[in-house]
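First up is the structure itself, then whatever we jot down about it.
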Amino acid sequence: MKTIVGALVLTFTTMTLFAQVVSKDSLNNLKQRKDAIEVNKKLTDNKLELAKLENEVAKKTAEADKTADQAQKSADENRKNAERLGRDPQDRKLARKAGKSASTAQRDAKKARKASESLEKLRKDIESLRGKISDDEAKLASMPGYMPNN
């Protein structure tokens, strides 16, 4: 009777130990899968954001070109008005016109600078996002048990 009870106790003990090892392995596998899913989600979000930003490049480039052209036109007009005023410095009408064109040229130059800075910031954001995507892809590829879906 003691041998049967001893055998049963031994059997239950080994089964319990074996079950714990399996569950630890399962937990590790599940944790690795969870980490891979999180990195994959982050990667997908970054790719979507990259596509959105890349779609904005053409619009921002066109806006920067348009504002630069307008700033150049305003500067040319300002130069003409300044030359006219230089020929007749006592003319109030020319002075007012030259002042207004100078203000317009200044405002248009500021818009052109802002549009150019905005385009440059967009390009930097795109490059940064590409770097993050590359890092996430490398991280995902190095994860054990990750199977890329092609």
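Where a number appears in this text, it was derived from the coordinates with a stated rule and is not lab data. All of these numbers come straight from a predicted model, not from anything done at the bench. Methodologically, a virtual Cβ is constructed for each residue, glycine included, from the backbone with ideal geometry; neighbour enumeration extends over all protein chains shown.
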statement: Only one of (1) under 30 Å from ARG123 (Cβ atoms); (2) free of Cβ contacts under 8 Å to residues at least 40 places away in the same chain; (3) β-branched (Val, Ile, Thr) does not apply to VAL57, and that is (2)
query: Among the candidates SER103, SER134, which residue alone is outside any loop (DSSP other than H, G, I, E, B), without any contact (Cβ under 8 Å) to a residue 40 or more places away in the chain and within 14 Å of the chain's Cα centre (by Cα)?
result: SER134
query: Among the residues of the range 56-92, which ones are among the small types (Gly, Ala, Ser) and within 16 Å of SER116 (Cβ to Cβ)?
result: ALA58, ALA62, ALA64, ALA68, ALA71, SER74, ALA75
